[in-house]
2 protein chains.
Amino acid sequence: MSQQGLVILKLGGSVITLKEKPFTANEEAIRRLAGEIASSGVRDLVIVHGGGSFGHPLAQEYDIHKGFKEERQLRGLAETHLAMEELNKLVVEALLAEGLPAIPLPPVSCFLMEAGRIRSAFLDPLKAVLSLKAIPVLYGDVALDAERGFTILSGDQIVAHLALGLKAARVVLGVDVDGVFDKDPHEHPDAVLLEHLRPGDLKAVKAGGSRTTDVTGGMRRKLEEMLPVVQAGVPVFITNAGVAGNILRALRGEKTRGTLITP
Amino acid sequence: MSQQGLVILKLGGSVITLKEKPFTANEEAIRRLAGEIASSGVRDLVIVHGGGSFGHPLAQEYDIHKGFKEERQLRGLAETHLAMEELNKLVVEALLAEGLPAIPLPPVSCFLMEAGRIRSAFLDPLKAVLSLKAIPVLYGDVALDAERGFTILSGDQIVAHLALGLKAARVVLGVDVDGVFDKDPHEHPDAVLLEHLRPGDLKAVKAGGSRTTDVTGGMRRKLEEMLPVVQAGVPVFITNAGVAGNILRALRGEKTRGTLITP
């Protein structure tokens with residue numbers, strides 16, 4: 001894994017919030033991760049974080065992912081975004097406290113979707129932040145959708161879009177499991193971590209016919225998002241951001257527990 | 001003044017915050033103004049608000065308007081934006097409480113500046129919000145600048161850009177004085193409100209050689225921003241948003257105390 005070039009780092013919503021407590025951040029995890037990012041020395045960096053218990057409850061209550069059905073959802077659009085701003089503020093402040101020049105870039109006003117996928121993005125401000133040697137911080141957000149009215153723009157979709165659009169050197173995905181397993185590790189104690197995957201493995205996952213990987217839900221969608229990234233030649237490393245030291249080592253390009261996906 | 005078509009409404013920062021108290025909103029004024037906007041019945045609307053005591057102290061402390069000079073300013077860039085998000089949240093929540101479908105669109109990620117002026121803007125999300133019959137809410141913000149690194153993007157510059165770009169029917173500027181006076185009303189108790197101005201008057205103000213208007217500071221810059229708007233055929237009405245009823249009547253197109261500038 002190269003230590004040069006732009007790194008896109010995702011901090012999973014389930015790591016930086018308390019999953020079971022709506023609108024509650026895991027402030028200890030946020031502080032620790034900010035410290036690991038600072039210690040890594042990686043400065044050519046974009047950070048994207050998820051929504052966890054800030055984004056999901058409201059997005060679900062108002063069926064944001066289903067697109068516009070009725071006027072009351074519009075209130076949910078605003079409320080979901082405001083909740084995400086609140087979480088983003090905690091992340092940015094933790095980064096600033098570590099001396100990192102983090103600049104929040106709210107996705108709601110710079111992405112336009114079509115049928116749930118990014119149709120266009122205004123990346124000039126983000127590129128300007130990078131050229132100031134500062135760190136843009138984006139997040140999963142609500143977004144306007146030319147076909148459906150609005151939708152949810154996941155942090156993972158942003159990561160993939162930026163990795164491709166900015167020709168990132170590598171992607172690090174910090175999640176709440178150790179990586180990709182051959183079986184669901186929550187249900188199967190004997191599940192084995194797959195330390196190395198290739199695009200072919202991701203395609204098999206996508207097709208649902210994988211014999212080696214039996215991934216479900218969040219991890220399946222994550223791998224689907226990452227397939228074009230890996231195919232474009234950008235290595236993706238998935239590791240447990242809930243375990244101290246993983247993000248530090250992953251950013252440094254050092255070996256740590258996780259799944260590496262290479263072209 | 002037409003009651004049809006898009007209206008761009010500016011709520012001055014000095015009206016919605018307490019000027020002398022850093023980071024303190026005038027919540028009573030915000031609530032009242034949200035009520036007046038709701039009562040006006042105007043729905044084809046974009047709202048832009050200023051920063052007042054939320055935006056100015058940090059922007060000044062870090063010399064954001066001077067552009068990039070040293071790394072410590074980057075922290076100020078983030079902190080100023082986060083403070084503006086906080087004020088914006090209060091405005092949006094007040095609008096939602098009145099049943100208005102307000103959607104915040106943070107300017108930092110959808111405008112790129114050059115030498116302090118808007119170079120490009122990504123207005124697709126804003127147009128999508130309007131086509132949902134919802135109300136985009138923008139605000140004066142920090143912005144990236146291709147020449148200077150970063151700068152302050154005033155709410156007034158956003159208003160002018162949107163009025164021209166969206167071919168607005170009219171602009172209503174809510175400020176903390178009754179309108180444009182022949183002399184500075186703060187210093188001259190005999191100052192006379194100018195109820196009607198033409199582009200020629202604004203040009204004279206800009207050139208500094210006006211015999212009828214002796215405007216200073218904020219009002220001068222405001223009129224300079226509005227000159228191309230009026231020249232493009234969009235009437236601009238300036239009224240005191242601190243006085244109950246002015247914004248209600250102005251939005252309805254009814255007569256109220258203020259200065260009307262017509263082509």
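The values are calculated or read from the model by the stated rules, or taken from the named source; none is laboratory data. This is a predicted model, so every value here is computed, not measured. All Cβ positions, even for glycine, are placed from backbone atoms using ideal geometry, and neighbour counts span all protein chains on display. Note: areas computed on protein heavy atoms with side chains; ligands, DNA, RNA excluded. Shrake-Rupley method; radii C 1.70, N 1.55, O 1.52, S 1.80 Å.
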From the helices alone, meaning DSSP H stretches of at least four residues, give me the mean residue ellipticity at 222 nm for the protein assembly as shown, per-run term -39500 (n - 2.57), in deg cm²/dmol to the nearest 500. -12000 deg cm²/dmol
Using unit Cβ charges (K, R positive; D, E negative) and no other charged atoms, how large, in debye to the nearest 20, is the dipole of region A:7-261 about its Cα centre? 700 debye
If the cut-off is 20 Å between C-alpha atoms, which lysines fall inside it for residue A:222, apart from same-chain ones fewer than 8 positions away? A:10, A:19, A:66, A:167, A:183, A:203, A:206
Per residue of B:93-100, other chain Cβ atoms within 10 Å number on average 2
Where a ≥ b ≥ c are the square roots of the eigenvalues of the C-alpha gyration tensor, would you call region A:61-143 rounded, which needs a/c under 1.5, or, failing that, prolate if a/b is larger than b/c, or oblate? oblate
Hey, for residue A:117 with labels 7 Å out along Cα-Cβ, what do the inter-copy distances come to in nm, ordered shortest first? 3.9
Would you pull out the residues with amide H under 5 Å of residue A:119's amide H, same chain only if 5 or more places away, H placed 1.01 Å from N? A:112, A:113, A:114
If you roll a 1.4 Å probe over the heavy atoms of the protein chains, what accessible area per residue do you get for region A:7-261, in Å²? 38 Å²
At 1.4 Å probe size, what's the solvent-accessible area of residue A:195? Round to the nearest 10 Å². 110 Å²
With no solvent term and unit scatterers on the alpha-carbon positions of region B:42-106, Debye gives log₁₀ I(q)/I(0) at q = 0.24, 0.26, 0.28 Å⁻¹ of -0.97, -1.07, -1.17
Heavy-atom accessible area with a 1.4 angstrom probe orders A:81, A:188, A:196, B:186, most exposed first, as B:186, A:196, A:188, A:81
Measuring from its Cα centre, region B:32-79 shows a charge dipole (+1 at each Lys and Arg Cβ, -1 at each Asp and Glu Cβ) which, in debye to the nearest 20, is 60 debye
Global geometry of chain A, whether rounded, prolate or oblate, following the gyration tensor of its Cα atoms and the 1.5 cut on a/c: rounded
Please work out how much accessible surface residue A:15 shows to a 1.4 Å probe, ignoring ligands, DNA and RNA, in Å² rounded to 10. 10 Å²
Mean per-residue count of partner chain Cβ within 10 Å for A:107-115 equals 6
Starting from the amide H of residue A:240, placed 1.01 Å from N in the peptide plane, find each other amide H under 5 Å away whose residue is 5 or more places distant or on another chain. A:175
Have a look at the protein assembly as shown and give its Rg and Dmax from the Cα atoms, expressed in angstrom. 24.6, 86
Would you grab the residues whose amide H sits under 5 Å from the one on residue A:197? Only those 5+ places off in sequence or on another chain, please, with H modelled 1.01 Å from N. A:260, A:261, A:262
Given charges at Cβ of Lys, Arg, Asp, Glu: the protein assembly as shown dipole, positive-most of A:81, A:262, B:219: A:262
Out of A:129, A:48, A:142, any idea which swings most in a Gaussian network model of chain A, alpha carbons joined below 10 Å? A:129
Put the label 7 Å from Cα along Cα→Cβ for residue B:196; what are its distances to the other copies, in nanometres, shortest first? 8.2
Step through the residues of region B:4-14 one at a time and calculate ³J(HN,Hα) from phi using the Karplus curve (6.51 cos²θ - 1.76 cosθ + 1.60, θ = phi - 60°), rounding each to whole Hz and writing x for Gly and Pro. 9, x, 6, 10, 9, 10, 9, 10, x, x, 6
Rounded to the nearest 10 Å², the accessible area of residue A:53 using a 1.4 Å probe with every protein chain kept is 10 Å²
Name the most mobile residue of A:34, A:204, A:83, meaning the one with the largest mean-square fluctuation, in a Gaussian network model of chain A with Cα contacts below 10 Å. A:204
Can you give me the % of accessible surface on chain A that is carbon or sulfur? Probe 1.4 Å, all protein chains present, nothing else counted. 48 percent
Placing the label point 7 Å from Cα along the Cα-to-Cβ direction, what are the distances from residue B:146 to the equivalent spots in the other copies, shortest first, in nm to one decimal? 2.3
Furthest towards positive pole of dipole, B:232, B:52, B:251, structure part region B:7-261, Cβ charges: B:232
So how strong a dipole does the protein assembly as shown carry about its Cα centre when Lys and Arg Cβ are +1 and Asp and Glu Cβ are -1, to the nearest 20 debye? 1100 debye
Quantify how strongly other chains surround peptide A:148-158 by giving the mean number of their Cβ atoms within 10 Å of each of its Cβ atoms. 1
Based on the mean of other beta carbon atoms within 10 Å per residue, what is the order of A:37-45, A:148-156, most packed first? A:148-156, A:37-45
Please identify, among B:176, B:124, B:63, the residue showing maximal mean-square fluctuation in a Gaussian network model of chain B using a 10 angstrom Cα cutoff. B:124
Between the chain alone and the structure with every protein chain in place, find the residues of region A:64-81 that drop at least 40 Å² of accessible area; heavy atoms, 1.4 Å probe. A:74, A:75, A:78
Determine, from the Cβ-Cβ distance of residue B:164 and residue B:188 and an R0 of 45 Å, the FRET efficiency 1/(1 + (r/R0)^6), rounded to the nearest 0.05. 0.85
